[in-house]
Amino acid sequence: MTPLRTDNQKQRTASYCGRLAPSPTGLLHLGHARTFWIAYERARQNDGKLWLRDEDLDPLRSRAEFAQAMREDLYWLGIAWDDELRQRDRIPRYRDAMRQLLQAGFAYPCSCSRKDLQQATQAPHEDDDEPLYSNRCRPGSSDLSTLDRVLVSNSNYRFRIAAGDPVAFRDNHAGPQSFTPGVDFGDFLIWRKDGLPSYQLACVVDDAAMGITEVVRGRDLLKSTARQILLQRALSLQTPAYFHTDLMRDAAGQRLAKRHDALSLRAMREAGLTPADVRAKLVLPSSGV
Ligand code: GLU
């Protein structure tokens, strides 16, 4: 099912282009609904285009039934989009970007086997961000010229940061931001030995290919934005605008996650709530978005 906006065919004058980027690893909950509603409103207010990007790269956790459920739940809530794509269909594009990074000396193979390698296809949230890398496999600058720049199929790869050079950007909601490579994050994973890109790389390649002008997502991804800006620079891609939304928390102050089953859109719908009832729970920014 691809719900299309009724004004889909009209010639758009504005150049705004946004995206909804859910991962089909569980049922969408109130926190997702809030971020996606804001993304939808911002695209609508700017007479822009909105994409649905199915972030189904995680081979262990992505499931077709969740992909179907997220489409149904978004549509039920009143969110419509113009076009959609699936990340699993785009592996050759990610491989091209990976080769480009290798050629330009931004990437190196890493043989460390750690939990973060398994998690790399998922966006890192508050409690599961990639730890600072020990630099065990990082080649010294003098070794860079001899580094094999061909992508081999059974190796993980990391992006080589320039430590200490801050990455600054102005977020359209959260205000001025600055993160320091080497302090806030280290050499991060961009490719897994099973032939899959990391979330960071896939996101950058897709945001550019889809012509995204503003990325709306949760505030816990601010640090990922700094990593993604470094990738954009390395790949000579434009940096879009960013709007990081505040996170919804449960009574104990925990970020809402897919484990909060009772707050899934599906559970609320089955309990008899209407889309308007759910939208009323979203506590939207006072600026009216
Ligand atoms: N699929 C990611 C998530 O569900 C979204 C990341 C993004 O919007 O860049 O957290």
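Okay, here's what the table says:
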{"item": "The chain: angle of helix 30-45 to the longest principal axis, Cα-based, in degrees nearest 10", "result": "80"}
{"item": "Gained length - SER141 relative to GLN238, 0.36 nm times residue gap less alpha-carbon distance", "result": "32.2 nm"}
{"item": "Helix 199-209 vs. the chain, principal-axis angle (Cα, 0 to 90°, nearest 10)", "result": "70"}
{"item": "Label-point separation in nm, ASP47 to ASP171, each point 7 Å along Cα→Cβ", "result": "3.0"}
{"item": "Mean shadow area of the chain, taken as a quarter of the surface of its Cα convex hull (nm²)", "result": "15.6"}
{"item": "The range 158-243 pair-distance distribution - Cα-Cα, 5 Å bins, rounded %", "result": "3, 14, 27, 25, 21, 8, 2, 0"}
{"item": "Under 5 Å, built H, 5+ apart or other chain: amide partners of ASP171", "result": "GLN177"}
{"item": "Given charges at Cβ of Lys, Arg, Asp, Glu: the chain dipole, positive-most of HIS173, THR213, LEU284", "result": "THR213"}
{"item": "Dipole in debye (nearest 20) - the range 88-175, about Cα centre, beta carbon charges: Lys, Arg +1; Asp, Glu -1", "result": "440"}
{"item": "The range 123-163 and the range 173-212: distance between their alpha carbon centers, rounded to Å", "result": "13"}
{"item": "The chain: angle of helix 222-234 to the longest principal axis, Cα-based, in degrees nearest 10", "result": "50"}
{"item": "Residue-averaged 222 nm ellipticity for the chain, from DSSP H runs of 4+ at -39500 (n - 2.57), nearest 500", "result": "-8500 deg cm²/dmol"}
{"item": "Unpartnered cysteines - no second Cys beta carbon under 4.7 Å - across the chain", "result": "CYS17, CYS112, CYS203"}
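A short reminder: the numbers here are calculations on the coordinates, not readings from a lab. From a predicted model like this one, the values you see are computed outputs, not experimental measurements. So basically every Cβ, Gly included, is an ideal-geometry build from the backbone, and we count neighbours across all protein chains shown.
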